[in-house]
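Asks: Take this structure, written in structure tokens, and hold onto it; I'll ask about it next.
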Amino acid sequence: GTDAGTVFYGTEGTLVVEDGWKVYGKKNEVIASQEPSGGSHEGNFLACIKSRERPNADVEIGRLSTTICHLGNISCRLGRDVHFDPKKETFGDDKEANAMLTKSYRSPYVLPKV
């Protein structure tokens, strides 16, 4: 019923992303949704500076949503399955996969340890 969108199929449900998004459970019931926010991301960001609310395009949401793409690329480049621990954000004892979670930075432009 739409001209464009993206669908992610999982073992526990399905995420449909269009103007907003909906998550459907195993029995095709909507279990979570977000209506389109409208407006510009820039305008929303500036409004959130004043209100201290979380912006529509929050950087942490962006980081989390791109993680699945990075994990898929790592698995593809290694040519095998990988097992990611989302709480620790590592591949456990898989040194080869863990090495691909970040890149080497040229001194003195290194990331600080936190």
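Asks: Cβ-Cβ below 8 Å, separation at least six or inter-chain, first residue in the range 95-114 and over 14 Å from L71 (Cα atoms) and open to solvent by 90 Å² or more (accessible area, probe 1.4 Å), second among the aliphatic types (A, V, I, L, M) and not in a helix (DSSP H, G or I): which pairs?
Replies: Y105/L111
Asks: Let me ask you something else. From the list D19, D58, pick out the single residue that is closer than 22 Å to G5 by Cα and under 16 Å from the mean Cα position of the chain (by Cα).
Replies: Working: D19 fails: under 16 Å from the mean Cα position of the chain (by Cα).
Answer to the selection: D58.
Asks: OK, next. Hey, R80 hits all of (1) among the charged types (D, E, K, R); (2) part of a loop (DSSP other than H, G, I, E, B); (3) open to solvent by 90 Å² or more (accessible area, probe 1.4 Å); (4) over 29 Å from K113 (Cβ atoms) but one; which does it fall short on?
Replies: Failing condition for R80: (3).
Asks: Search the range 37-46 for residues being under 16 Å from D58 (Cβ atoms) and within 21 Å of the chain's Cα centre (by Cα), and hand back the single one that is most open to solvent (accessible area, probe 1.4 Å).
Replies: We begin by selecting, within the range 37-46, every residue under 16 Å from D58 (Cβ atoms); these are 37, 39-46.
With within 21 Å of the chain's Cα centre (by Cα) added as a condition, the list becomes 37, 40-42, 44-45.
Details: S37: 73, S40: 60, H41: 114, E42: 129, N44: 36, F45: 113 Å².
Only one residue fits best here, namely E42.
Asks: Among the residues of the range 1-34, write down those that are over 24 Å from C69 (Cα atoms) and either open to solvent by 100 Å² or more (accessible area, probe 1.4 Å) or small (G, A, S) (or both).
Replies: G1, K27, N28
Asks: Taking only the range 57-101 into account, find how many residues are of a type in the set (S, T, Y) and at pLDDT below 95.
Replies: 3
The values are calculated or read from the model by the stated rules, or taken from the named source; none is laboratory data. None of the values given here were measured: they were computed from a predicted structure. Virtual Cβ from ideal backbone geometry, glycine too; neighbours counted across all protein chains shown. In case anyone asks, the SASA skips ligands and DNA or RNA and just uses the protein heavy atoms, side chains included. Shrake-Rupley method; radii C 1.70, N 1.55, O 1.52, S 1.80 Å.
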